[in-house]
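**Student:** Here it is: the structure, laid out below.
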Amino acid sequence: MYQILSKAKLADKIFEMVVRAPRVAHKCLPGQFIIAKIDETGERIPLTICDYDREEGTITIVFQTVGASTERMSFLEAGEAFEDFIGPLGRPSVLCLEENLDKTREKKIVFICGGVGTAPIYPQVKWLKEHGIPATVIMGSRNKDLLFYVDNMKEVAEHLYVCTDDGSYGFHGMGTNQLQALWDQGDRFDHCVAIGPMIMMKFVCKLTAELGIHTEVSMNPIMVDGTGMCGACRILVGDEVKFACVDGPEFDGHKVDWDAAMVRQQQYKTAEGRAMLALKEGKTHHGGCGNCGGDR
Amino acid sequence: MAQDMMVRVPIAEQEPAVRAKNFEEVCLGYTEEEAILEANRCLNCKNPRCVAGCPVSINIPAFIQEIKAGDAAAAYRTISLSSALPAVCGRVCPQETQCEGVCVRGIKGQPVAIGKLERYAADTAAARGIMPENHSKPNGHKVAVIGAGPAGLTCAGDLAKMGYDVTIFEALHRAGGVLVYGIPEFRLPKDKVVRHEVENVKALGVKIEENVVIGRSVTIDELMEEEGFEAIFIGSGAGLPRFMGIPGEQANGVFSANEFLTRNNLMKAYDDDYDTPISRGKKVVVVGGGNVAMDAARTALRLGAEVHVVYRRSEEELPARAEEVHHAKEEGIIFDLLQNPTEILVDEKGWVKGCRIIKMELGEPDESGRRRPVEIPGSEYEISCDTVIMSLGTSPNPLISHTTKGLETNRRGCIVTEGEFGATTKEAVYAGGDAVTGAATVILAMGAGKEAAKGIDQYFKNK
Ligand SMILES: Cc1cc2nc3c(=O)[nH]c(=O)nc-3n(C[C@H](O)[C@H](O)[C@H](O)COP(=O)(O)OP(=O)(O)OC[C@H]3O[C@@H](n4cnc5c(N)ncnc54)[C@H](O)[C@@H]3O)c2cc1C
Ligand SMILES: Cc1cc2nc3c(=O)[nH]c(=O)nc-3n(C[C@H](O)[C@H](O)[C@H](O)COP(=O)(O)OP(=O)(O)OC[C@H]3O[C@@H](n4cnc5c(N)ncnc54)[C@H](O)[C@@H]3O)c2cc1C
Ligand code: SF4
Ligand code: SF4
Ligand code: FES
């Protein structure tokens, strides 16, 4: 059993949990994910690692309730436990590998996070800071109330730009607008990491392709085992079939076939779930994550 | 009425029309009386050909004589000397090409139902709570086994019986390998049979740590350098699914058999109490003709679909066990033989709406000795369907070989071993089962696990 040591509600529908999982904490690096299963009847739910403490043997996860399983997970309290907690899975972010340090030091890095994607960006920025590498972070949200991790991020980012769609906090506009604004004032980047809803990552990639910034995105297709055994997570990257759980989850965003990926993610939505998603994605299209510019 | 020694004692099965709608076991097994009658048919041959046909050389005539004498427990002990998973093998071995295929009874009549008798002995022992025993003294050496499939479980059990301190590391949340995620409940009950056999291995002193993905959670080198394991056995199977590479394969409604079966078996999607969803198709095309294809087809049927098995060779070449093909037909699976899909047709929303299929004929034999299927030009046609399940075989997952220094694999990604004991190119590391041979059978994987246990023991003795 993997005990939940603490639980916090960060924003509407967004929860943070610290879970005891020594093996995962011992080995993991930013960019990797875990699979959690609540109990015997639960699903295997993939979630990105948002922080880790090697000494304490703990992993921090942040999740948004979107359907039945994440909803059920949100009812778990500190003191209770996950029956299964598997990881770390996937490959670490290319930026956060000791063997790439020299190359990484030469890069001008910008992170763009949308919605719940803020959480998995945090450990990457933190790792870079610990290795003396500065990074710019653009954090987007629909409004002030949905923002979280602002203080955490301030501590580790060289420059932090927060933007809200409605202007209730920080820059009035979306992350893509913010990036464009920085670019226009002469800031230059050559490596971007974007994590958030698929639609948001797609729009970030559209802009960074125009600006010529290499962009890594973290793909979150449907998964079952997370070890390369089922093929549920297959996505098209530059015409090649890749299994996101073992080849990813981070890929060159300019090569990802977004339309195919978005269609595949719909598979298990029930009629009800699909309606909910349409609703949500509808909002996303109006800048729900604060970054995608999907309404333009 | 006198017993007809030429034919088998019939075994009770669920009626096809009934079982096509449930996930209960198809074959109900022999009663004691039936088992004894069937055991009567064994000639207790002096040179038993059946034993030579069994990859782990179970003393078949001996255990059958014990059943005949009414001592199922003794029969179980006899089998246990050679096999760690008798309740499994009795159910899933391709007996017709192994033990039963060479039984002398089969020359004039039907071979003795060796598999069914093996199952009877194991089930009876389980029902009476008889467990294997371990009387060995701990020798203090730590061995790690990777993967809790038939190869890993067997190797671990044998090593424990020799006194080794064995820990199995399993990537999934449940031990059993293909026995839990691949082979369906209606052929191999998970709680009654697989879990019980896993408990038996634990009873020998083997520790099982689930949720550990070797190559990610920890590497083989770390197990040896940091966790004090002195030798390793790799039984990680061949779980990487293959796709055809035809247009439309990315569409929603196209699954690998592994995904479809894992959702249903490991995650129990067929049971409403479990959260994992599965696509219940109305009309399903399963591509392939092996055991995996039969299992996927019969699972889809039980979930309510009309099912077509599309296979590019003819009935004779179907690689599945004869019993499974027979059961599948009885249940109403439609076989479209000598045919092959060339494209999956996709609707405007990205979902499968059909398949384009070409007819084949058999040409010259290929390197496998089977006649090669060749396309008949102009024979393409379309069939409508909402689900396609690709069951084209699997290969070993590269996760371990990519993260282990000095472990060689061949062109097909299989771990290279030398000699009969499964020694790899890396010192103190052994391997066996599907990870070495590519997808094969339960009993061959067990045999490899057994040999590797001997090899590892030798390694320590020579050290
Ligand atoms: C590598 C990876 C990392 C992720 N990291 C995070 C994270 O840090 N925080 C977070 O909030 N979410 C994350 N997700 C998404 C999260 O796993 C899904 O939101 C969750 O599985 C949805 O389950 P549900 O039953 O609540 O939703 P429902 O909408 O009811 O899902 C229905 C079914 O669809 C499947 N499904 C739907 N969407 C996804 C999805 N995106 N990924 C996998 N399966 C899906 C589930 O298997 C489920 O059975 C990540 C996904 C992946 C693949
Ligand atoms: C659907 C299906 C039906 C079949 N039907 C039959 C049949 O009727 N009769 C028959 O004889 N054979 C059948 N087979 C074949 C048979 O099941 C296999 O040959 C046999 O299970 C191989 O055993 P194994 O121990 O080598 O591997 P597996 O059973 O595949 O077990 C390997 C285990 O290793 C684990 N693992 C993999 N990678 C890692 C890692 N990196 N770290 C930790 N653990 C890892 C896996 O999760 C798995 O549990 C069938 C196979 C399938 C898929
Ligand atoms: S293990 Fe398989 S081959 Fe050997 S006797 Fe049993 S059923 Fe036959
Ligand atoms: S070959 Fe057949 S008849 Fe002879 S011992 Fe074996 S099972 Fe009995
Ligand atoms: S989740 Fe099964 S292969 Fe990636």
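The values are calculated or read from the model by the stated rules, or taken from the named source; none is laboratory data. Only a predicted model underlies this, so the values are computations on that prediction, with no experimental measurement involved. Heads up, the Cβs are rebuilt from the backbone with ideal geometry, glycines too, and the neighbour counts pull from every protein chain shown.
**Student:** Please go through (1) at negative phi; (2) modelled with pLDDT under 95; (3) surrounded by 13 or more Cβ atoms within 10 Å (Cβ to Cβ) for B:C355 and return the number of the only condition it doesn't satisfy.
**Tutor:** (2)
**Student:** Right, here's the next one. Looking at B:T437, B:T424, B:T403, which one is buried (at least 23 other Cβ atoms within 10 Å of the Cβ), of a type outside the set (A, V, I, L, M, F, W, C) and either under 14 Å from B:G235 (Cα atoms) or not assigned by TED's automatic domain parsing to the domain that holds B:G354 (or both)? Spell out the reasoning first.
**Tutor:** Values: B:T437 fails: buried (at least 23 other Cβ atoms within 10 Å of the Cβ); B:T403 fails: buried (at least 23 other Cβ atoms within 10 Å of the Cβ).
So the residue among B:T437, B:T424, B:T403 that is buried (at least 23 other Cβ atoms within 10 Å of the Cβ), of a type outside the set (A, V, I, L, M, F, W, C) and either under 14 Å from B:G235 (Cα atoms) or not assigned by TED's automatic domain parsing to the domain that holds B:G354 (or both) is B:T424.
**Student:** Of everything in the range B:210-222 that's surrounded by fewer than 21 Cβ atoms within 10 Å (Cβ to Cβ) and part of a helix (DSSP H, G or I), which residue is farthest from the other protein chains (Cβ to nearest Cβ)?
**Tutor:** This residue is B:D221.
**Student:** Here's a follow-up. So for the range B:6-25 (the condition being at pLDDT 95 or above, away from ligand 5 (no atom under 16 Å from the Cβ), among the β-branched types (V, I, T) and crowded, with 18+ Cβ neighbours inside 10 Å), does at least one residue qualify?
**Tutor:** Checked the range B:6-25: no residue is at pLDDT 95 or above, away from ligand 5 (no atom under 16 Å from the Cβ), among the β-branched types (V, I, T) and crowded, with 18+ Cβ neighbours inside 10 Å.
**Student:** Something else about it: Can you tell me which condition A:K108 does not meet? The list is (1) in contact with a Cys (Cβ under 8 Å, 6 or more places away or on another chain); (2) surrounded by fewer than 18 Cβ atoms within 10 Å (Cβ to Cβ); (3) not hydrophobic (A, V, I, L, M, F, W, C), and all the others hold.
**Tutor:** Result: A:K108 fails condition (1) only.
**Student:** Of all residues in the range B:141-150, which are in a strand (DSSP E or B) and within 14 Å of chain A (Cβ to nearest Cβ)?
**Tutor:** Here is the first cut: in the range B:141-150, the residues in a strand (DSSP E or B) are B:142-146.
Of everything in the range B:141-150, those that are in a strand (DSSP E or B) and within 14 Å of chain A (Cβ to nearest Cβ) turn out to be B:A144, B:I146.
**Student:** Okay, moving on. Pick from B:A300, B:A238: which is under 20 Å from the mean Cα position of the chain (by Cα) and assigned to a helix (DSSP H, G or I)? Give the derivation first.
**Tutor:** Working: B:A238 fails: assigned to a helix (DSSP H, G or I).
Answer to the check: B:A300.
**Student:** Sticking with this one: Could you tell me whether A:I133 is surrounded by fewer than 20 Cβ atoms within 10 Å (Cβ to Cβ) and not in a helix (DSSP H, G or I)?
**Tutor:** Values: surrounded by fewer than 20 Cβ atoms within 10 Å (Cβ to Cβ): yes; not in a helix (DSSP H, G or I): yes.
Taking the combined requirement at face value, the residue satisfies it.
**Student:** Here is a follow-up. Being more than 14 Å from chain A (Cβ to nearest Cβ) and in contact with a strand residue (DSSP E or B) (Cβ under 7 Å, 6 or more places away or on another chain) is true for just one of B:K108, B:K202. Which residue is that?
**Tutor:** Numbers: B:K108 fails: in contact with a strand residue (DSSP E or B) (Cβ under 7 Å, 6 or more places away or on another chain).
Going through B:K108, B:K202 in turn, the sole match is B:K202.
**Student:** Which of the residues spanning the range B:387-416 are of a type outside the set (S, T, Y), more than 12 Å from every other protein chain (Cβ to nearest Cβ) and part of a loop (DSSP other than H, G, I, E, B)? Steps first, answer last, please.
**Tutor:** Filtering the range B:387-416 for residues of a type outside the set (S, T, Y) gives B:388-390, B:392-393, B:396-400, B:402, B:405-408, B:410-416.
Those left that are additionally more than 12 Å from every other protein chain (Cβ to nearest Cβ): B:388, B:393, B:405-408, B:410-412, B:414-416.
B:G393, B:K405, B:G406, B:L407, B:E408, B:N410, B:R411, B:R412, B:C414, B:V416 - these are the residues of the range B:387-416 that are of a type outside the set (S, T, Y), more than 12 Å from every other protein chain (Cβ to nearest Cβ) and part of a loop (DSSP other than H, G, I, E, B).
**Student:** When the residues of the range A:168-206 are narrowed to those that are part of a helix (DSSP H, G or I) and without any contact (Cβ under 8 Å) to a residue 40 or more places away in the chain, which ends up nearest to the chain's Cα centre (by Cα)?
**Tutor:** At the first step, the residues of the range A:168-206 found to be part of a helix (DSSP H, G or I) are A:175-184, A:198-206.
Going one step further and asking which of them are without any contact (Cβ under 8 Å) to a residue 40 or more places away in the chain, we end up with A:180-181, A:183-184, A:206.
Numbers: A:Q180: 21, A:A181: 23, A:W183: 23, A:D184: 27, A:K206: 18 Å.
Out of the qualifying residues, it is A:K206.
**Student:** From (1) within 16 Å of ligand 5 (Cβ to nearest atom); (2) within 11 Å of chain B (Cβ to nearest Cβ), pick out the condition that doesn't hold for A:T41.
**Tutor:** (1)
**Student:** Answer with yes or no whether B:E259 is within 16 Å of ligand 1 (Cβ to nearest atom), touching a strand residue (DSSP E or B) at 6+ places or on another chain (Cβ under 9 Å) and among the acidic types (D, E).
**Tutor:** Against the criterion (within 16 Å of ligand 1 (Cβ to nearest atom), touching a strand residue (DSSP E or B) at 6+ places or on another chain (Cβ under 9 Å) and among the acidic types (D, E)), B:E259 qualifies.
**Student:** Suppose we filter the range B:85-104 for residues that are in a helix (DSSP H, G or I) and either within 16 Å of ligand 5 (Cβ to nearest atom) or surrounded by 22 or more Cβ atoms within 10 Å (Cβ to Cβ) (or both); how many remain? Explain how you work it out, then say what you get.
**Tutor:** Kept after step one, since they are in a helix (DSSP H, G or I), are these residues of the range B:85-104: B:86-92, B:95-97, B:100-102.
Filter again for either within 16 Å of ligand 5 (Cβ to nearest atom) or surrounded by 22 or more Cβ atoms within 10 Å (Cβ to Cβ) (or both), leaving B:86-92, B:95, B:100.
Of the residues in the range B:85-104, 9 are in a helix (DSSP H, G or I) and either within 16 Å of ligand 5 (Cβ to nearest atom) or surrounded by 22 or more Cβ atoms within 10 Å (Cβ to Cβ) (or both).
**Student:** On to the next question. Inspect all residues belonging to the range A:67-80 and state whether any of them is closer than 30 Å to B:N264 by Cβ and in a strand (DSSP E or B). Steps first, please.
**Tutor:** If we filter the range A:67-80 for residues that are closer than 30 Å to B:N264 by Cβ, which is where we start, we get A:67-76, A:80.
This time we only want the ones that are in a strand (DSSP E or B), so: none.
The answer is no, given that none of the residues of the range A:67-80 is closer than 30 Å to B:N264 by Cβ and in a strand (DSSP E or B).
**Student:** All but one of (1) modelled with pLDDT of 95 or more; (2) of a type in the set (G, A, S); (3) within 16 Å of ligand 3 (Cβ to nearest atom) hold for B:A69; state the number of the condition that does not hold.
**Tutor:** (3)
**Student:** Right, another one. B:A231 fails exactly one of the following numbered conditions: (1) near ligand 2 (Cβ under 10 Å from one of its atoms); (2) within 23 Å of B:V212 (Cα to Cα); (3) aliphatic (A, V, I, L, M). What is the number of that condition?
**Tutor:** Only one criterion is unmet by B:A231, namely (1).
**Student:** Quick check: is even one residue across the range B:316-327 within 14 Å of chain A (Cβ to nearest Cβ) and within 27 Å of B:I376 (Cβ to Cβ)? Step through it out loud before you land on a result.
**Tutor:** Pass one, the range B:316-327, residues within 14 Å of chain A (Cβ to nearest Cβ): none.
No, the range B:316-327 contains no residue that is within 14 Å of chain A (Cβ to nearest Cβ) and within 27 Å of B:I376 (Cβ to Cβ).
**Student:** Please go through the range A:201-224 and pick out each residue that is within 16 Å of ligand 5 (Cβ to nearest atom), of a type outside the set (S, T, N, Q) and closer than 13 Å to A:G253 by Cα.
**Tutor:** At the first step, the residues of the range A:201-224 found to be within 16 Å of ligand 5 (Cβ to nearest atom) are A:218-224.
With of a type outside the set (S, T, N, Q) added as a condition, the list becomes A:219, A:221-224.
Listed by number, the list holds a single entry, A:M219.
**Student:** Right, next: Could you list all residues from the range B:5-32 that are farther than 14 Å from B:A113 by Cα, under 23 Å from the mean Cα position of the chain (by Cα) and among the β-branched types (V, I, T)?
**Tutor:** Hit for the range B:5-32 is B:V26, nothing else.
**Student:** In addition: Give the residue, chosen from A:V237, A:V224, that is more than 9 Å from chain B (Cβ to nearest Cβ) and touching a residue at least 12 places away in the same chain (Cβ under 8 Å). If you could, list the steps in order and put the result at the bottom.
**Tutor:** Values: A:V224 fails: more than 9 Å from chain B (Cβ to nearest Cβ).
One residue alone meets the criteria, A:V237.
**Student:** Can we say B:I246 is away from chain A (no Cβ under 13 Å), away from ligand 1 (no atom under 16 Å from the Cβ) and on the phi < 0 side of the Ramachandran plot? Steps first, answer last, please.
**Tutor:** Working: away from chain A (no Cβ under 13 Å): no; away from ligand 1 (no atom under 16 Å from the Cβ): yes; on the phi < 0 side of the Ramachandran plot: yes.
Against the criterion (away from chain A (no Cβ under 13 Å), away from ligand 1 (no atom under 16 Å from the Cβ) and on the phi < 0 side of the Ramachandran plot), B:I246 does not qualify.
**Student:** For the range B:66-84, check the following and say yes or no: at least one residue is of a type in the set (A, V, I, L, M, F, W, C), surrounded by 23 or more Cβ atoms within 10 Å (Cβ to Cβ) and in contact (Cβ under 8 Å) with a residue 60 or more places away in the chain. Steps first, answer last, please.
**Tutor:** Start the filter on the range B:66-84 by keeping residues that are of a type in the set (A, V, I, L, M, F, W, C), which leaves B:67, B:69, B:72-75, B:79, B:81, B:84.
Keeping just the survivors that are surrounded by 23 or more Cβ atoms within 10 Å (Cβ to Cβ) gives B:67, B:72, B:75, B:79, B:84.
Next, only the ones that are in contact (Cβ under 8 Å) with a residue 60 or more places away in the chain stay: B:84.
Yes - at least one qualifying residue is present in the range B:66-84.
**Student:** Looking at B:E420, is it more than 24 Å from the chain's Cα centre (by Cα) and either within 16 Å of ligand 1 (Cβ to nearest atom) or charged (D, E, K, R) (or both)?
**Tutor:** Working: more than 24 Å from the chain's Cα centre (by Cα): no; either within 16 Å of ligand 1 (Cβ to nearest atom) or charged (D, E, K, R) (or both): yes.
Taking the combined requirement at face value, the residue does not satisfy it.
**Student:** Next up: What residue, among those in the range B:264-300 that are among the hydroxyl-bearing types (S, T, Y) and within 14 Å of another protein chain (Cβ to nearest Cβ), is surrounded by the fewest Cβ atoms within 10 Å (Cβ to Cβ)? I'd like the intermediate steps shown before the answer.
**Tutor:** At the first step, the residues of the range B:264-300 found to be among the hydroxyl-bearing types (S, T, Y) are B:270, B:274, B:276, B:279, B:299.
Checking which are within 14 Å of another protein chain (Cβ to nearest Cβ) leaves us with B:270, B:274, B:276, B:279.
Working: B:Y270: 20, B:Y274: 17, B:T276: 21, B:S279: 22.
Within the range B:264-300, the match that is surrounded by the fewest Cβ atoms within 10 Å (Cβ to Cβ) is B:Y274.
**Student:** If you check A:G87, A:G31, A:G67, which single one turns out to be of a type outside the set (S, T, Y), within 12 Å of chain B (Cβ to nearest Cβ), at positive phi and touching a residue at least 60 places away in the same chain (Cβ under 8 Å)? Don't jump to the end; show me each part of the working.
**Tutor:** Values: A:G31 fails: within 12 Å of chain B (Cβ to nearest Cβ); A:G67 fails: at positive phi.
A:G87 is the lone residue from the list that is of a type outside the set (S, T, Y), within 12 Å of chain B (Cβ to nearest Cβ), at positive phi and touching a residue at least 60 places away in the same chain (Cβ under 8 Å).
**Student:** Can you pull out every residue in the range B:164-209 that is without any contact (Cβ under 8 Å) to a residue 60 or more places away in the chain, charged (D, E, K, R) and in a loop (DSSP other than H, G, I, E, B)?
**Tutor:** Result: B:E170, single match.
**Student:** Moving to a separate point now. Return the only residue of B:L261, B:L153 being assigned to a helix (DSSP H, G or I), more than 14 Å from chain A (Cβ to nearest Cβ) and surrounded by 23 or more Cβ atoms within 10 Å (Cβ to Cβ). Working first, answer last.
**Tutor:** Numbers: B:L261 fails: more than 14 Å from chain A (Cβ to nearest Cβ).
Only one candidate passes the filter, namely B:L153.
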